[in-house]
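This report refers to the structure that appears directly beneath it.
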Amino acid sequence: METIYFKGTPCHTYGNIPAVGTQAPEFTLTSNSLEDIKLTDYKGKRVVLNVFPSLDTAVCAMSVRRFNQEAAKLDNTVVICVSMDLPFAQSRFCTAEGIDKLVVASAFRSKDFVKNYGLEMVDGPLAGLLARAVLVLDEKHEVIFSDLVEEITNEPDYKGALSVLK
């Protein structure tokens, strides 16, 4: 269990975020077309997991826009933005915002992601949603960067995440 904050109020996660140097757990997420997205779908590629509570918040939307810009510059890398938002809402957001360089994925029915990544908030006003975090995986899907954002209303460490990919 990790302690994070929402506007200064402590909240807790279901478990612990995968640590640098560990193998990223397999997952199954849901695409905008309601098909499965698995980590194994990106075998041999570097993966950035941008995890956040909901696209309906300004900071979350900002992180997706920023990673969409950065994704176009990254070789052999896929950026997957993960939230509990329904695929329909994610699709609407991406269409309206011109998001087309990354993958958006819903964890709304992904018990393996919630359990293995430890990012579901179990208390506080956002209980049931995912905490804000960024994980970067190398080509073998080993975690090479892991950042659980302490204050949910803050943006993630873009510079740190992207620097391990240069």
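The values are calculated or read from the model by the stated rules, or taken from the named source; none is laboratory data. Predicted model only: the values in this text are computed from it and were never measured. Every residue, glycine among them, receives a Cβ derived from its backbone with ideal geometry; neighbour counts consider all protein chains shown. Accessible surface is based on the protein model in full, side chains and every heavy atom, while ligands, DNA and RNA are left aside. Shrake-Rupley method; radii C 1.70, N 1.55, O 1.52, S 1.80 Å.
Of the listed requirements (1) touching a residue at least 24 places away in the same chain (Cβ under 8 Å); (2) open to solvent by 50 Å² or more (accessible area, probe 1.4 Å); (3) in a loop (DSSP other than H, G, I, E, B), Asn116 misses just one: (3). Checked against (1) closer than 16 Å to Leu29 by Cβ; (2) surrounded by fewer than 13 Cβ atoms within 10 Å (Cβ to Cβ); (3) of a type in the set (Asp, Glu), Glu150 meets all criteria but (1).
Of everything in region 129-147, what is outside any strand (DSSP E or B) and open to solvent by less than 10 Å² (accessible area, probe 1.4 Å)? Give them in sequence order.
Step one: filter region 129-147 for residues outside any strand (DSSP E or B), giving 129, 131-132, 138-141.
Scanning region 129-147 gives Ala131, Arg132.
Within the set Ser146, Ser163, the sole residue that is hydroxyl-bearing (Ser, Thr, Tyr), without any contact (Cβ under 8 Å) to a residue 24 or more places away in the chain and farther than 17 Å from Asp85 by Cβ turns out to be Ser163. For region 98-120, does any single residue satisfy the condition of being of a type outside the set (A, V, I, L, M, F, W, C) and over 24 Å from Asp36 (Cβ atoms)? Within region 98-120, one or more residues are of a type outside the set (A, V, I, L, M, F, W, C) and over 24 Å from Asp36 (Cβ atoms). Is it the case that Asn50 is in contact (Cβ under 8 Å) with a residue 60 or more places away in the chain and part of a loop (DSSP other than H, G, I, E, B)? No: the conditions fail for Asn50.
Is there a residue in region 84-97 that is open to solvent by less than 10 Å² (accessible area, probe 1.4 Å) and of a type in the set (A, V, I, L, M, F, W, C)? No, region 84-97 contains no residue that is open to solvent by less than 10 Å² (accessible area, probe 1.4 Å) and of a type in the set (A, V, I, L, M, F, W, C). Contact annotation: residue pairs with Cβ atoms under 8 Å, 6 or more positions apart or on different chains, pairing a residue in region 23-34 that is in contact (Cβ under 8 Å) with a residue 12 or more places away in the chain and crowded, with 17+ Cβ neighbours inside 10 Å with a partner that is in a loop (DSSP other than H, G, I, E, B) and of a type in the set (Ser, Thr, Tyr), are Phe27/Ser110; Thr28/Ser110; Leu29/Ser110; Thr30/Ser110.
Restricting attention to region 61-91, and to residues there that are touching a strand residue (DSSP E or B) at 6+ places or on another chain (Cβ under 7 Å) and in a helix (DSSP H, G or I), which single residue is farthest from Leu130 (Cα to Cα)?
Going residue by residue through region 61-91, those that are touching a strand residue (DSSP E or B) at 6+ places or on another chain (Cβ under 7 Å) are 63-64, 67, 71, 76-87, 90.
Then drop every residue that is not in a helix (DSSP H, G or I), which leaves 63-64, 67, 71, 87, 90.
Details: Ser63: 14, Val64: 15, Phe67: 18, Ala71: 22, Pro87: 15, Gln90: 15 Å.
That would be Ala71.
Tell me, please, whether a residue that is farther than 18 Å from Phe113 by Cβ and either β-branched (Val, Ile, Thr) or crowded, with 20+ Cβ neighbours inside 10 Å (or both) can be found in region 35-46. For region 35-46, residues farther than 18 Å from Phe113 by Cβ and either β-branched (Val, Ile, Thr) or crowded, with 20+ Cβ neighbours inside 10 Å (or both): present. Scanning region 92-112 for residues that are part of a helix (DSSP H, G or I) and at pLDDT 85 or above yields Lys111, Asp112.
Residues in region 49-83 that are surrounded by fewer than 20 Cβ atoms within 10 Å (Cβ to Cβ), in contact with an Asp or Glu (Cβ under 8 Å, 6 or more places away or on another chain) and hydrophobic (A, V, I, L, M, F, W, C): Val59, Ala61, Met62.
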